[in-house]
Ligand code: SF4
C-alpha cells in the first residue's frame, strides 16, 4: 500500500478548546486516519464525511521535517502533546517508528512532551528505555474496564482495557509521571471496583459530551445530558459530582472540561492543580 506523507504534523489549537487547554501545541506523527478507528473519534467526525479518514492506511509524518521543526523550538517550550489528533502509538508505529524517533529528538533538544494514547505499546521496554523521566508525561486513555464488554461493543480497535491498566501500573512503578485518562467517561462502561484498584496515583476525568455523531455509536441513556453549549450536550454539574464521588482509588484527581461554567468550577473548587487541569508533574518539566 502506498504510504502518504502527513504534512500538517505540528499545530497549535485555538478557539474554545485552545483557550482552556494548557498544552494546545500538538505534534502528530501519523494523520488522516488512525488504526484504532474509534467510532466516536473527534478527528474522524471532522474528516470522515470529506473522505479524508483512512484508518487502514494513515499518512506518516516525515521524521526529518519533524527533527527540523523541533530543533527550532525555543528552549522554554511547554510540553508538546503527542497524539492530539491521532494516536501516536497506533500499530503502524511498529513499522514506521516515527514516534520513537520523535521522542529521541525531543529528548536531545530537552523539550518536554505529553503522550496521550490508547495503546499499551508506550510501556513496551524499547519505549521505556528512551522515555526521559525529566521530560515525559504519559496519559493512557481508558474508556472501559471490562475486556469482554469492550470486545463485544467493538467501538475501538486499541489495546484491551486490562492491557492499558497493566501499562499504566508498569509506568507508575517505574516512577514516570503517568495518569489514567478516563476519557470519555461513560459511567455505563466503568466497574468502579476495577477502576479504584488501579495502582496509579493520578487520574484525569473527561466527561462524555454528546452530539448527533456521538449518539450514533453508544446505546446508552442520554436523558441526563441536558445542558447545551457549543453544539454539545453535557451532564449537569451535580450529576458529574455524583459520578466523581465514586472514583476513590487515586491520590490526585483532575477534570478536563469543555463546558465553561463547569471548567471554572473544577478549576476553583476541585482540581488538585487549579493552574493546570492536566495536572502534569511540575518539577520535571523545563
Ligand atoms: S485512538 Fe484517538 S485518534 Fe485514534 S481513532 Fe481513537 S479517538 Fe481517534
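Which one of 64, 19 is under 14 Å from residue 98 (Cβ atoms), away from the ligand (no atom under 15 Å from the Cβ) and assigned to a helix (DSSP H, G or I)?
The match here is 64.
Collect the residues in the range 204-248 that are out of contact with any helix residue (DSSP H, G or I) (no Cβ under 8 Å at 6 or more places or on another chain), part of a strand (DSSP E or B) and either under 21 Å from residue 169 (Cα atoms) or touching a residue at least 60 places away in the same chain (Cβ under 8 Å) (or both), keeping them in residue-number order.
Those that are out of contact with any helix residue (DSSP H, G or I) (no Cβ under 8 Å at 6 or more places or on another chain), part of a strand (DSSP E or B) and either under 21 Å from residue 169 (Cα atoms) or touching a residue at least 60 places away in the same chain (Cβ under 8 Å) (or both): 204, 206.
Determine, yes or no, whether residue 78 is in a loop (DSSP other than H, G, I, E, B), more than 11 Å from the ligand (Cβ to nearest atom), over 22 Å from residue 207 (Cβ atoms) and without any contact (Cβ under 8 Å) to a residue 12 or more places away in the chain.
Considered against the rule, which asks whether it is in a loop (DSSP other than H, G, I, E, B), more than 11 Å from the ligand (Cβ to nearest atom), over 22 Å from residue 207 (Cβ atoms) and without any contact (Cβ under 8 Å) to a residue 12 or more places away in the chain, residue 78 comes out as no.
Under 8 Å between Cβ atoms, which residue pairs at least 6 apart in sequence (or on different chains) link something in the range 40-61 that is in contact (Cβ under 8 Å) with a residue 24 or more places away in the chain and within 23 Å of residue 94 (Cβ to Cβ) with a partner that is part of a helix (DSSP H, G or I) and more than 10 Å from the ligand (Cβ to nearest atom)?
60/96; 60/98; 61/98
Residue check, residue 91 against (1) within 16 Å of the ligand (Cβ to nearest atom); (2) without any contact (Cβ under 8 Å) to a residue 60 or more places away in the chain; (3) buried (at least 17 other Cβ atoms within 10 Å of the Cβ), all met but one. Which one?
The failed condition is (3).
Looking only at residues in the range 38-53 that are in a loop (DSSP other than H, G, I, E, B) and surrounded by 18 or more Cβ atoms within 10 Å (Cβ to Cβ), which one is farthest from the ligand (Cβ to nearest atom)?
Across the range 38-53, the extreme among qualifying residues is 53.
Restricting to the range 24-34, what's the tally of residues that are in a loop (DSSP other than H, G, I, E, B) and surrounded by 20 or more Cβ atoms within 10 Å (Cβ to Cβ)?
Going through the range 24-34 one residue at a time, the tally reaches 5.
Give the residue, chosen from 83, 31, that is closer than 26 Å to residue 160 by Cα and at pLDDT 95 or above.
Going through 83, 31 in turn, the sole match is 31.
Hey, any hits in the range 128-150 for a residue that's under 22 Å from residue 55 (Cα atoms), within 16 Å of the ligand (Cβ to nearest atom) and in a helix (DSSP H, G or I)?
Checked against the condition, which is being under 22 Å from residue 55 (Cα atoms), within 16 Å of the ligand (Cβ to nearest atom) and in a helix (DSSP H, G or I), the range 128-150 yields at least one hit.
State whether one or more residues within the range 162-171 are within 16 Å of the ligand (Cβ to nearest atom) and within 21 Å of residue 214 (Cα to Cα).
No; the residues of the range 162-171 include none that is within 16 Å of the ligand (Cβ to nearest atom) and within 21 Å of residue 214 (Cα to Cα).
The values are calculated or read from the model by the stated rules, or taken from the named source; none is laboratory data. This one's a predicted model, so the numbers in the text were calculated from it and none came from an experiment. For neighbour counting, all protein chains shown are included, and Cβ atoms are generated from backbone atoms with ideal geometry for every residue, glycine included.
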